[in-house]
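Working notes for the structure below.
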Amino acid sequence: MLRINRYLALASAIVLLLALAMVAWFYHQQAVRDLTEMSAKHNIGIDRILLNTVWNRYGDYIAEARDLDGATLRARPETMEIDAAIRALTKDMHVLKVKIYNKEGLTIFSTDLPQIGGDYSNSAAFMTAAHDGRASSALSFRNRFSAYSGEVFLRDIVETYVPIFDNDRKIVGVFEVYTDVTDVKERIDRTTLTMLVGLVGIFGALYGVLVFGIMRRAIAPIQLASRYAAEIGPRSSGVRLPTQGMPKEILPLIVATNGALDRLDRALDSQRQFSADAAHELLTPLAVLRAHLDTLKDKSVAAELREDVEAMTDVVHQLLDLAALESQSEANVDAEPADLHDVCAEVIATLAPLAVREKKQIALTGAKGPIFVRGCVRMLSRAVRNLVENGLAHTPSGTTVEARLSLNGEVRVIDQGKGVPQEEREAIFHRFWRGDQKNGPGAGLGLSIVKRIVESMGGEISVDDAPGGGAVFTMRLVAVEPASIEEEAERALDH
């Protein structure tokens, strides 16, 4: 599941890194442009020196040499004289190579002698200088380059073409100077990397404060709303998501959710009220019907009908119990401790005549004296009664249904019937589940009511096989001291 804070953190981190990388890239590009411009100005200065020395002395020779081939030019004494003059002028400079072209693009001179006589008339940089009269510079990286001192490797070089003008401002030739800027370029690269690392560190710290501070604080109201939402249930439907402190972007969703919960509450209340009203309305005609049965002359028919009426009455009472459970709040469940021993003793006493009538026995065994558990006495009594009645319904005549108590708040109802198959031990607690007794008495609500009551009290219920046959229904409730549960109830009411 995607978490919004992680998504925002990751997305913003990627954007931040891209932004910092772009800043570093722009800085590097600008620094390289500045380096190229400064080197170009330096090269132009060198060209001015060469113009004042070499061109003034050998200008006529350069102008007349356009008809000579490369071998002839290299053999001319002027070539060696120009080479010596240029080397002397550029001593202790970072100049790697100097070339002189005539206006047509012929290489009249080069400190790299094999290049003398070469035709560069098609070079874009040469044409900019020779035809447009503008200097042209470019920075390039060379894996290998032929310089004054021999071949050099892995060099950053700025090459500059500078037009040569005569006294009438006509272009008569072009100087080309190659300057080594490797050291400066490496410093720019190191500075860019250092700046990037520094920016990542600074902005990383600020980002950490943003994500783990401001963002967590901004998300805190949403997390609070999530906790409130997790607590909303059928018995705590009055809880609503908080609107105080919510971001404006989330507030409409919170308000809409609360509105939906209000509508669900009204629908649930209507459903509960309908069930309760219907059950109450059925009790009166059933009571009247029971009274009329006493007037029947055929007592055997009256007895059979009375059993059906009693079964229907029991279903109605179970429906009323369900309605009461649906509206029961946790505060009401925890309002008072229940003495499990007293509850079980009262249920056994109430159902004893029924057991005798069916030629069965019921017994209360185990721990004696008060056993206080968390829960409502009335609801707990209904749960124990349903379990015992279920045991009486399934145990054969002449056998005993036993309610066994433990000091840890556990009660076991043991019958000697057929037991519950393993595959049905979860289904029997579902509403209206009746297994293979679909045509028998009861509506399949008793055990589901027991489960709801036990869970509402923070306990749990399970069913297992009894030793020697039959079933064991075990209710595990929360054993408490009377004083502690009263204090908890007071705190709940205060909140």
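The values are calculated or read from the model by the stated rules, or taken from the named source; none is laboratory data. The shown structure was predicted, so the numbers you read here are calculated from the model rather than taken from an experiment. For neighbour counting, all protein chains shown are included, and Cβ atoms are generated from backbone atoms with ideal geometry for every residue, glycine included. When the accessible area is computed, the model is the full protein with side chains, heavy atoms only, and any ligands, DNA or RNA have been set aside. Shrake-Rupley method; radii C 1.70, N 1.55, O 1.52, S 1.80 Å.
Quick check: anything in the range 166-174 touching a Ser or Thr at 6+ places or on another chain (Cβ under 8 Å) and open to solvent by 70 Å² or more (accessible area, probe 1.4 Å)?
no
Could you tell me whether Thr365 is closer than 30 Å to Glu231 by Cβ, at pLDDT 90 or above, surrounded by fewer than 20 Cβ atoms within 10 Å (Cβ to Cβ) and of a type outside the set (D, E, K, R)?
no
Is there any pair with a first residue in the range 445-472 that is on the phi > 0 side of the Ramachandran plot and a second that is assigned to a strand (DSSP E or B) whose Cβ atoms are under 6 Å apart and which are 6 or more apart or on different chains, and what are they?
Close Cβ pairs (under 6 Å, with a partner that is assigned to a strand (DSSP E or B)) amount to Gly458/Arg374.
This table checks each residue for (1) open to solvent by less than 60 Å² (accessible area, probe 1.4 Å); (2) at pLDDT below 70; (3) under 21 Å from Ser448 (Cβ atoms).
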site: Val288; (1), (2), (3): no, no, no
site: Ala291; (1), (2), (3): yes, no, no
site: Leu296; (1), (2), (3): no, no, no
site: Glu310; (1), (2), (3): no, no, yes
site: Thr313; (1), (2), (3): yes, no, yes
site: His317; (1), (2), (3): no, yes, yes
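Please work out if Tyr101 is in a strand (DSSP E or B) and not polar (S, T, N, Q).
Yes: the conditions hold for Tyr101.
Collect the residues in the range 186-220 that are within 24 Å of Gln244 (Cα to Cα), surrounded by 11 or more Cβ atoms within 10 Å (Cβ to Cβ) and either modelled with pLDDT of 80 or more or charged (D, E, K, R) (or both), keeping them in residue-number order.
Selection gives Arg216 alone.
Is it the case, given these coordinates, that Leu89 is of a type outside the set (Phe, Trp, Tyr), touching an Asp or Glu at 6+ places or on another chain (Cβ under 8 Å) and touching a residue at least 12 places away in the same chain (Cβ under 8 Å)?
no
Could you say which residue among Ser397, Ser381 is free of Cβ contacts under 8 Å to residues at least 40 places away in the same chain, out of contact with any strand residue (DSSP E or B) (no Cβ under 8 Å at 6 or more places or on another chain), open to solvent by 40 Å² or more (accessible area, probe 1.4 Å) and within 23 Å of Glu310 (Cα to Cα)?
Selected residue: Ser397, the only one of Ser397, Ser381 that is free of Cβ contacts under 8 Å to residues at least 40 places away in the same chain, out of contact with any strand residue (DSSP E or B) (no Cβ under 8 Å at 6 or more places or on another chain), open to solvent by 40 Å² or more (accessible area, probe 1.4 Å) and within 23 Å of Glu310 (Cα to Cα).
Any residue that is modelled with pLDDT under 85, open to solvent by less than 20 Å² (accessible area, probe 1.4 Å) and among the aliphatic types (A, V, I, L, M) - is there at least one of those in the range 467-482?
no
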